1. Calculate, in nm to one decimal, what ILE186 and ASP159 gain on full extension: separation in residues at 0.36 nm each, minus their alpha carbon distance.
2. Given an 8 Å cut-off on Cα distances and at least 6 residues of separation, report the relative contact order of region 163-239 as a percent.
3. Note the full-extension length gain between ALA241 and HIS151 as 0.36 nm times their separation in residues minus their Cα-Cα distance, in nm to one decimal.
4. Would you pull out the residues with amide H under 5 Å of LYS120's amide H, same chain only if 5 or more places away, H placed 1.01 Å from N?
5. From the phi angles alone, apply the Karplus equation (6.51, -1.76, 1.60; θ = phi - 60°) to region 91-108 and give each ³J(HN,Hα) in whole Hz, x where the residue is Gly or Pro.
6. Would you work out the relative contact order for the chain, in percent, from Cα pairs under 8 angstrom that are 6 or more residues apart?
7. Quick one: go through region 189-224 and flag any residue whose amide nitrogen is under 19 Å from the point 7 Å out along the Cα-to-Cβ line of THR172.
8. Over region 76-202, what relative contact order in percent results from Cα pairs under 8 Å that are six or more residues apart?
Amino acid sequence: MEHLFHAGDNLEGLAQLAESGWRVDLVYVDPPFATNHEFLMDSERANTVSASGELAYADTLTGDDYLEQLRLRLEAIRSVMADDGSVYVHTDVKMEHHVRLLMDEVFGARNFRNSITRIKCNPKNFNRYSYGNIKDTVLFYSVSPNRIKWHPQEEPLTDEDAVSRYPLVDDTGRRYATTPLHAPGITRRGPTGGLWRGMPPPAGRHWRYTPDKLEELEEAGLIEWSRTGNPRKIIYADQSAGKLPQDVWMYKDPQRPSYPTQKNAAMLERIILTSSEPGDTVLDCYAGSGTTLLEAARLGRRFVGMDDAPAAWEVTERRLLDAGVEWGALGEVFKNASGREHQERVAAHSGSLSSGATGNML
Ligand SMILES: C[S@@+](CC[C@H](N)C(=O)[O-])C[C@H]1O[C@@H](n2cnc3c(N)ncnc32)[C@H](O)[C@@H]1O
């Protein structure tokens with residue numbers, strides 16, 4: 001798989017990508033949050049905000065300057081995305097409303113899908129005049145309102161979920177819940193508006209299934225009759241595929257990060273599996289330690305990564321090489337080439353993040 005990396009400003013990398021005609025299916029970006037901090041790291045550990053060590057990256061643009069440079073990059077990202085593409089932008093509680101307005105402007109408010117709350121750490125005991133902040137936000141948009149890749153990843157039920165969602169227990173000890181066999185709305189023509197076992201659906205409602213299917217459910221013992229003769233469908237907890245993910249996610253930051261503000265790889269796994277397909281291209285143009293790139297490669301997607309910080313290149317390169325992943329330098333691959341030729345040339349490249357030379361370390 002032909003992975004690509006641009007070691008430099010992402011505006012320049014995105015312009016090269018746009019020129020190439022390459023289309024990206026999924027974008028996850030975790031840009032600086034206008035914290036006005038310099039993020040440092042030493043060889044031992046990469047604290048989120050370290051008091052000493054070498055500069056990993058500076059997050060010192062604030063206010064209008066911050067928003068304006070981000071707007072340019074969001075526009076550039078939009079220009080390289082496929083029509084059925086999805087984009088996830090990580091931001092924090094101080095910037096989320098500003099960034100959401102930018103996203104509405106660039107991607108369109110009707111393409112807003114979710115503002116995901118991410119629980120990022122354990123509860124804090126800071127002595128401040130406010131509640132502990134343990135969350136940040138991932139804004140999820142699509143390029144088109146109706147065309148989108150969507151493969152939600154069901155989560156296993158916890159014991160607590162099983163008890164609250166399936167409160168009933170049958171004679172054999174199996175946990176279950178029941179749901180109505182009719183739904184709002186009248187079917188004027190068609191079997192779901194007619195009689196089943198001599199019974200019409202209740203006023204203003206229709207059967208959820210045809211009489212044949214209702215009979216099948218009855219024979220399979222999957223209908224429970226109330227004392228007043230109301231039938232309900234039985235759903236067993238042990239046959240549940242799990243629960244669909246909601247918009248509050250628990251993906252705490254790694255305890256021992258290799259890079260400041262490194263994100264949880266499992267969160268990227270969820271995003272990539274839900275919003276892309278094998279062989280698709282995943283872009284992270286604020287790659288940091290390469291979390292998105294590693295997950296994309298592991299899940300059989302092609303990555304395009306970008307970062308302008310040498311410390312990020314070093315960590316990303318180490319993580320990719322440890323995982324046996326090869327890549328090409330975007331500039332080299334796209335230089336003097338266009339259209340299909342890029343794709344062919346990409347296949348021939350692999351190597352260092354900074355130089356693009358095959359197999360070179362930094
Ligand atoms: C919050 S960190 C990303 C962390 C990453 N999600 C991870 O899991 O390691 C933001 C990164 O964006 C990079 N960055 C900031 N501005 C950039 C720009 N204009 N072009 C390329 N990279 C940039 C910084 O160097 C930094 O590595």
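1. In short, 5.9 nm is gained.
2. In percent, rounded to a whole number, it is 35.
3. 31.0 nm
4. Those lying under 5 Å, H to H, from LYS120 are LYS135, ASP136.
5. Values, residue by residue: 8, 10, 5, 7, 9, 4, 6, 5, 5, 5, 5, 4, 5, 4, 5, 7, 9, x Hz.
6. 24 percent
7. Residues 216-224 fall inside that zone.
8. Numbers: 136 pairs, mean separation 30.7, N = 127.
Relative contact order for region 76-202 comes out at 24 percent.
Values in this text are rule-based calculations from the coordinates and carry no lab data. Computed from a predicted structure; not experimentally measured. Counting neighbours? That spans all protein chains shown, and the Cβs are built from the backbone with ideal geometry, glycine included.
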